[in-house]
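The values are calculated or read from the model by the stated rules, or taken from the named source; none is laboratory data. As the structure is a prediction and not an experimental result, all values here were calculated from the model. Ideal geometry is used to build each Cβ from the backbone, glycine not excepted, and the neighbour counts take in all protein chains shown. Heavy atoms of the whole protein, side chains included, go into the accessibility calculation; ligands, DNA and RNA do not. Shrake-Rupley method; radii C 1.70, N 1.55, O 1.52, S 1.80 Å.
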Amino acid sequence: MPLANSSRQSRRRNAPTSLPLTFSALACGVLTCSIVACSASDKPGSSGRVGAQNQEGDGFFETDGDGNPMGSTGGTNGFVNGMEPNPDDDIDANDACAITQADAVLVEQPVDIIFMLDNSGSMDQELAAVESNINLNFAQILINSGTDYRVILISRHRVEAREASESASTSVCVSTPLSALASCEAAEQPVFSDRFFQFNTKVESDDSFDVALDTFYPPFSSDYAEDDTDDMPLAPLGWQEWLRPGAKKVFLEVTDDNEDMSAAAFVDALVALPPTLNAPAGTFGTAQNPAFVFHSIVGVAEKATPTDAYLASEPLQEVECTTNGGDVTSTGLVYQELSIMT
């Protein structure tokens, strides 16, 4: 679905599994978004077991990392439709008699989208279109999808007209229907809704990982404290306050630069964050088995079909986008690497 002219960026997507959310970009041109269903097997820290040849049916069930059945919104006692698994390692097709007779059982899992948006000077051309896409298209796509979603934006809020200052030109204002802000005209601060929250701070071109880690929970570094709060912070407990236990965690990075922290170092730091009520131990998985998905919209050259994503099976892309007046800083190799890892 084409949106308003946006960035000179293309997308990097993780392996094509059944995820609750995918993001794409028309390379070097326009940002697009799409929603897909989430299957019961797509739960952080769990794995799906099915009958012969990986068919999904009423014999499908979930296990934790040790192979023990888990509870599911699609069944009872951890088994879809109450069917217990074969005591052997896999379900035999003859035992799971409904496999060839029923449609796959899909369980819609809530998704928390942590949206990290670059506010550096090189994004001045992109931010206006990204803002428009969020307000006019992204929000409506999420609403129409029927997905139980929550968007947590980590980026600087725009408080004045975009052309009024350099700061405003690289900030973003999210209005209805996603947020509860009626208008972005002279909006002094973001207004939250049941679906939208924002940690209002500047994200530089190469420090989004640092910002995400530092603003997760207080105390916050003075470099990443909330902007323009008049001593009335909107997020005194950090963005962890808005996470929901059990929801799939999906990160989305939008930038035309690269990160100065390695992908592995970010994963190590993220999974080591102290547990909280809303982000209990294991929320982000482990360094060996991350329980989150990372999507990146970065400055790589587009594919032959511009709307196609780069998948995890493809190598890192080092050719920068140059079409549509593209003048990106980097192809975002670190972000690409993390997208491949997760």
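The figures follow:
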| quantity | calculated |
| --- | --- |
| Calculated FRET efficiency for the pair ASP124/ALA186, C-beta based, R₀ 35 Å, to 0.05 | 0.95 |
| Under-5 Å amide H pairs with LYS248, H placed in peptide plane, nonlocal only | VAL111, ASP112 |
| Computed lengthening from ALA265 to ALA164, 0.36 nm per intervening residue step minus Cα-Cα distance | 32.5 nm |
| The stretch 168-209, accessible area per residue, ligands and nucleic acids excluded (1.4 Å, Å²) | 37 |
| In order through the stretch 248-263: 3J(HN,Hα) via Karplus (6.51 cos²θ - 1.76 cosθ + 1.60), integer Hz, x for Gly, Pro | 5, 9, 10, 9, 10, 9, 10, 7, 10, 10, 10, 9, 8, 9, 6, 4 |
| Amide H contacts of HIS295 (H built 1.01 Å from N, under 5 Å, at least 5 apart or other chain) | PHE251, LEU252, GLU253 |
| Surface accessible to a 1.4 Å probe, per residue, for the residues of the stretch 247-294, Å² | 36 |
| Antiparallel %, DSSP beta bridges [both residues in the stretch 105-237], to 5 | 0 |
| Using θ = phi - 60° and Karplus 6.51 cos²θ - 1.76 cosθ + 1.60, couplings along the stretch 208-219 (whole Hz; Gly, Pro as x) | 4, 5, 4, 4, 4, 5, 6, 8, 4, 7, x, x |
| Nearest-0.05 FRET efficiency for ASN289 and GLN140, computed from C-beta distance (R0 35 Å) | 0.50 |
| With every protein chain in place, the stretch 115-262: carbon and sulfur % of accessible area (1.4 Å) | 47 |
| Per-residue ³J(HN,Hα) for the stretch 265-273, Karplus 6.51 cos²θ - 1.76 cosθ + 1.60, θ = phi - 60°, Hz, x for Gly and Pro | 5, 5, 4, 4, 6, 5, 6, 8, 4 |
| Simple label model, 7 Å out from Cα along Cβ direction - SER193 to VAL319, nm | 4.0 |
| Two-decimal log10 I(q)/I(0) for the stretch 192-342, as the Debye equation yields it once each C-alpha is a single scatterer, q = 0.18, 0.20 Å⁻¹ | -1.15, -1.31 |
| Label zone at ASP148, where the point sits 7 Å out along the Cα-to-Cβ direction: the stretch 241-281 residues whose backbone N lies under 12 Å | 244-248 |
| Distant-in-sequence amide H partners of SER155 (H built 1.01 Å from N, under 5 Å) | PHE199, THR201 |
